[in-house]
Structures are given as C-alpha cells and as structure tokens.
C-alpha cells in the first residue's frame, strides 16, 4: 500500500514537472500551427528563432514554408525531445533555456521569434528573463509570435509593449489556444517591469 502511494505521488510529481516545462496535454493541431505561422511572410530568406520544440510540428512547417537559404535556431530544455529532431542543415538546436539566448548568440538579431513556451506555468522570474532575451534578439520590424492556452499571461504581454499585442484564437486545438502577435517587439526604450 505504501509503495502504491509513493508510485502515485511520483507519477503526479512527474506530470506537474512536465506541465511546467511543456504546458501541453496534446501536440499542437495543424490549425494552430497554420494560423500562427501564416502571420509571417516567408518569401525572403529569414533567420528565425523558435523557443520550444516539443515534437517538432512547428519546426516541420517553418522549414517547409521557408526559403532554402533561411535558417532556424531552436531552444529546447527537454532532452526527451531529441527523438523528434529533424536532420536538416538549416536547423541549429540548442538544448538549453531561452533565458540563455545571449550566452549563445551575444549580439545576434533574428528576423522573427516564434514561441511555444508555456509562460502561464513558468516561474515569473524565468518568464521575465525570457522576455528580456526576446526583446534583445528580435530585429526591428520582426514579429514575436506566442501561443497560450488561456489569457492568464495577457497582463504580462500587455506590460511588455507600448501597444497591446494582437490576439487571435484557435478553437480547433486541444485545448483551444490564443495567439499573441507583436511586431517591432515593444518599440525602442520600453523595459519590462514585472
């Protein structure tokens, strides 16, 4: 009986830990992927940063839509996602936190940043650090795209920018998702204050 309770406790602990880093109960639907990625023009060569890899559904579609000279850099903390990696010379994988973008790419600016990170379940300090990194590494006129399963993080996204980000909704996803879109991420001189 004690072993069963310990086993149940460990299972629940593992589920909570995975929810904090993945924030998902199912892979993103093609409807969510298509709606989110349709907000970028892929006609020219792009240097895109993807935060969160999961099982690669966004990555596959970004590569499919991008020119052959475009590049994609991916940050993912979950080492279990290695099994979904795509063998493609245009992709650079970094198995580390998005809080450390500057450690790997000190002054680099990306054309667009696409995030699938579960900000609603991340610790506030971690989220703030990632937002600072996003601001630092997004090119002027670039787009920051993020999806969430609730509007819980809306206040944080609203604080980031002078103008509120555009919010779109995708019903055909499990669970349904909100897409945040911000161009020229926060403008010049705006600092995130948590």
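Things to note:
- Selection status of residue 58, modelled with pLDDT of 90 or more, closer than 25 Å to residue 120 by Cβ, part of a helix (DSSP H, G or I) and more than 16 Å from the chain's Cα centre (by Cα): no
- For the range 65-93, the set of residues classified as touching a residue at least 40 places away in the same chain (Cβ under 8 Å) and farther than 23 Å from residue 108 by Cα consists of 78 only.
Rundown of residues vs (1) outside any loop (DSSP other than H, G, I, E, B); (2) closer than 24 Å to residue 181 by Cα; (3) in contact with a helix residue (DSSP H, G or I) (Cβ under 7 Å, 6 or more places away or on another chain); (4) without any contact (Cβ under 8 Å) to a residue 60 or more places away in the chain, yes/no style:
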| site | (1), (2), (3), (4) |
| --- | --- |
| 63 | yes, yes, no, yes |
| 99 | yes, yes, yes, yes |
| 112 | yes, yes, no, no |
| 129 | yes, yes, yes, yes |
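- Within the range 151-173, considering residues that are touching a strand residue (DSSP E or B) at 6+ places or on another chain (Cβ under 7 Å) and at pLDDT 90 or above, the one farthest from residue 128 (Cα to Cα): 170
- Per-region count, the range 140-170, residues in contact (Cβ under 8 Å) with a residue 40 or more places away in the chain and part of a loop (DSSP other than H, G, I, E, B): 1
- The set of residues in the range 79-97 being in a loop (DSSP other than H, G, I, E, B) and either under 17 Å from the mean Cα position of the chain (by Cα) or surrounded by 15 or more Cβ atoms within 10 Å (Cβ to Cβ) (or both) consists of 85, 90, 95, 96, 97.
- Selection status of residue 40, in a loop (DSSP other than H, G, I, E, B), modelled with pLDDT of 95 or more and surrounded by 11 or more Cβ atoms within 10 Å (Cβ to Cβ): yes
- Residues in the range 174-191 that are modelled with pLDDT of 90 or more and part of a loop (DSSP other than H, G, I, E, B): 174, 175, 176.
The values are calculated or read from the model by the stated rules, or taken from the named source; none is laboratory data. No experiment lies behind these values; they were computed from the predicted model shown. Glycine gets a Cβ as well: all are built from the backbone with ideal geometry, and neighbour counts include every protein chain shown.
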